[in-house]
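K.L.:
This is the structure, below, for whatever I ask next.
The values are calculated or read from the model by the stated rules, or taken from the named source; none is laboratory data. Source: prediction; values computed, not measured. Positions of Cβ are backbone-derived with ideal geometry, glycine not excepted, and every protein chain shown enters the neighbour counts.
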Amino acid sequence: MFEIVKAGGIVMVPIILASIVAAAIFLERIWTLQSRRVVPAELTEKVWKWVEQRQITDKHIHALQQNSPLGKILAAGLANRHRERAVINQIIEDTGRHVVHELERFINALGTIASIAPLMGLLGTVMGMIRTFNVIRTEGIGDPAAMAGGIAEELITTAAGLTVAIPALLGYKFLRGRVETLVVQMEKEAMKLVNAIEENGPDDSYSG
């Protein structure tokens, strides 16, 4: 393996680094974007009980904010439950944008790696071609062994760039789809909360 990397030339270094970063981003996002971490099933049940029983306190809201991304959105709604529905919706949307931004963290970087990895491979190909032509210019075409190094560099860097780019692109598309699914789930839960607040009326017994 080391001989293959060595034959690919200096361009193999950024390609390998890109592959390590891409793998790290994908694994970190897969862990972070688990449904049970973003949209805990038991969380919404607790919130509905608080709303129905008018037992919302500062401690409840603070606990929600620390619980999960969905908890941050629901906490924003509960903290402003005395206000008009349109205002609550706007606050939830603003909070939701911040939450989505956090969910999408590093994903664009993965997409960037998917885009530049083939270009790095192409750069290695061009450098290999230059090396091959230099050999031809100085030694002619009668020595295939002398030309082999440049040709190997061309093929190896091209293959390496594609090997990094294809999984990175698939990972990027997968993670984007995961985020979109989670956002839809959070929107549904947020709307349920707004409706529950409206149906049960403001919690006049609010206490800290």
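K.L.:
Could you check the stretch 156-178 and list, in sequence order, the residues that are within 30 Å of A41 (Cβ to Cβ), crowded, with 18+ Cβ neighbours inside 10 Å and touching a helix residue (DSSP H, G or I) at 6+ places or on another chain (Cβ under 7 Å)?
P.N.:
First, the residues of the stretch 156-178 that are within 30 Å of A41 (Cβ to Cβ): 170-178.
Filter once more, keeping what is crowded, with 18+ Cβ neighbours inside 10 Å: 171-172, 175, 178.
Residues satisfying the conditions are G171, Y172, L175.
K.L.:
Can I ask one more? Please determine whether any residue of the stretch 88-96 is touching a Leu at 6+ places or on another chain (Cβ under 6 Å), touching a residue at least 60 places away in the same chain (Cβ under 8 Å) and either closer than 30 Å to F174 by Cα or basic (K, R) (or both).
P.N.:
No, the conditions are met nowhere in the stretch 88-96.
K.L.:
Which of (1) surrounded by 17 or more Cβ atoms within 10 Å (Cβ to Cβ); (2) modelled with pLDDT of 85 or more is the odd one out, the single condition A152 does not satisfy?
P.N.:
Of (1) surrounded by 17 or more Cβ atoms within 10 Å (Cβ to Cβ); (2) modelled with pLDDT of 85 or more, only one is false for A152: (2).
K.L.:
On to the next question. Against the conditions (1) on the phi > 0 side of the Ramachandran plot; (2) under 20 Å from the mean Cα position of the chain (by Cα), where does R54 fall short? Just the number, please.
P.N.:
Unmet condition: (2).
K.L.:
Just to confirm my filter: which helices (runs of 4 or more DSSP H) fall fully inside the stretch 21-84 and include at least 3 residues that are modelled with pLDDT under 90?
P.N.:
Of the helices (runs of 4 or more DSSP H) lying wholly inside the stretch 21-84, those with at least 3 residues that are modelled with pLDDT under 90 span 41-52, 58-67, 69-79.
K.L.:
With the requirement that a residue be surrounded by 14 or more Cβ atoms within 10 Å (Cβ to Cβ) and of a type in the set (F, W, Y), what does the stretch 20-47 give you?
P.N.:
F26
K.L.:
Something else: Quick test of your reading of the structure: I113 fulfils all but one of (1) in contact (Cβ under 8 Å) with a residue 60 or more places away in the chain; (2) closer than 30 Å to I197 by Cβ. Name the failing condition by number.
P.N.:
The failed condition is (2).
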